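Asks: Mind looking over this structure? Questions follow.
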């Protein structure tokens, strides 16, 4: 059981300040601004895959906007809550339990999203590069990858080396935060208590590690994967980022008619060999 499996029953309360409608609306605006594709789903619907979908709050909001949606997460317990939510709301969404850095989908998508700093949980740069390269198997030409990352200000100042806690009726989370500026890794040392009956409580101690990615690193990885960086925004606003932002949103696009990274490398080697 992972930390997120343990948190699944309480995660929506933990994230009660999240506005799924606002997140879905912002992403929908980006898709309308930068998408260069015709929807590949039934009746021309846009195929959207939510990577790291959690309990599916934002995923279901995409369904309300007419997207043909797939949700991917590597926590079975989180996906159970997502399925329950979709069933309550009458949504038809495909839920897949997979590691997003090792995707194995049934077909291609028009849009991939990964929200709520999920990308920061990919702590090895080679794994993020692998994800971006996989879009040449699973992302349609002209399709988009939209994601947010926590900013340097968020890791260094907002979280820093502080102690935090959240206490509710049925659960409590206490964590000591440590941001290592040399490795750009952020470690949250968690102590969690949860109860399903209000009488007995389970305890779990765990660590969640995230990595800060600079704009330069993201652009270099996108270039290696032959993806265009077409939009960058700060704090879910329709403007460029600034030093006060907690989140930075990126929109990458697979160029229409573009070659895959492996094809580009083969072409480069051919030129080098004369």
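No value in this document is a laboratory result; all are computed from the given coordinates. Predicted, not measured: the structure shown is a model, and the values here were computed from it. Note that each Cβ is placed from the backbone with ideal geometry, even for glycine, and that neighbours are counted across all protein chains shown.
Asks: Run the numbers for residue 181 and residue 5: contour at 0.36 nm per residue of separation, minus the present Cα-Cα distance, in nm.
Replies: Numbers: separation 176, 0.36 × 176 = 63.36 nm, distance 2.90 nm.
Gain on extension, residue 181 to residue 5, equals 60.5 nm.
Asks: Follow-up question, since we're still on this one. Across the Cα atoms of the range 123-271, what radius of gyration and what greatest pairwise Cα-Cα distance (Dmax) are found, in Å?
Replies: 19.8, 70
Asks: Given a 10 angstrom Cα cut-off, can you work out which residue in 151, 214, 202 is the most mobile in a GNM of the chain?
Replies: 202
Asks: When you take every Cα atom in the chain, what is the radius of gyration, and what is Dmax, the widest Cα pair distance, in Å?
Replies: Cα-based Rg and Dmax for the chain come out at 19.3, 74 Å.
Asks: Using Cβ counts within 10 Å as a stand-in for footprinting exposure, how do 236, 125 rank, fewest first?
Replies: Numbers: 236 18, 125 13.
In increasing order of surrounding Cβ atoms, one gets 125, 236.
Asks: What is the log10 of I(q)/I(0) for the range 104-207, computed with the Debye formula using one identical point scatterer on each Cα and no solvent, at q = 0.12, 0.13, 0.23 Å⁻¹?
Replies: -0.62, -0.70, -1.16
Asks: Which one of 18, 139, 79 has the biggest mean-square fluctuation once the chain is modelled by GNM with Cα springs under 10 Å?
Replies: The residue that fluctuates most here is 18.
Asks: Can you give the extra length, in nm with one decimal, that the chain gains between residue 123 and residue 21 once fully stretched, where that is 0.36 nm per residue apart less the Cα-Cα distance? List each step's numbers first, then the result.
Replies: On the way: separation 102, 0.36 × 102 = 36.72 nm, distance 2.87 nm.
Between residue 123 and residue 21, full extension yields 33.9 nm more.
Asks: Can I ask one more? In whole Å, what three semi-axes, largest first, describe the equivalent ellipsoid of the range 58-164 built from its Cα gyration tensor (square root of 5 times each eigenvalue)?
Replies: On the way: eigenvalues 127, 78, 36 Å².
Equivalent-ellipsoid dimensions as semi-axes: 25, 20, 13 Å.
Asks: Continuing with this model, one more query. Where the Cα atoms of the range 1-110 are projected onto their three principal axes, how long is each span, largest first, in whole Å?
Replies: 40, 31, 25
Asks: Taking the C-alpha atoms of the range 154-211, how large are the radius of gyration and the largest Cα-Cα span, Dmax, in Å?
Replies: Considering the range 154-211 through its Cα atoms, Rg and Dmax are 13.4, 44 Å.
Asks: Mind checking which of 198, 234, 39 has the largest fluctuation in a GNM of the chain, springs on alpha carbons under 10 Å?
Replies: The residue with the greatest mean-square fluctuation here is 198.
Asks: What ranking do 67, 4, 201 get, fewest neighbouring Cβ atoms within 10 angstrom at the top? The partial results should precede the final answer.
Replies: On the way: 67 26, 4 20, 201 14.
With the fewest neighbours first, 67, 4, 201 line up as 201, 4, 67.
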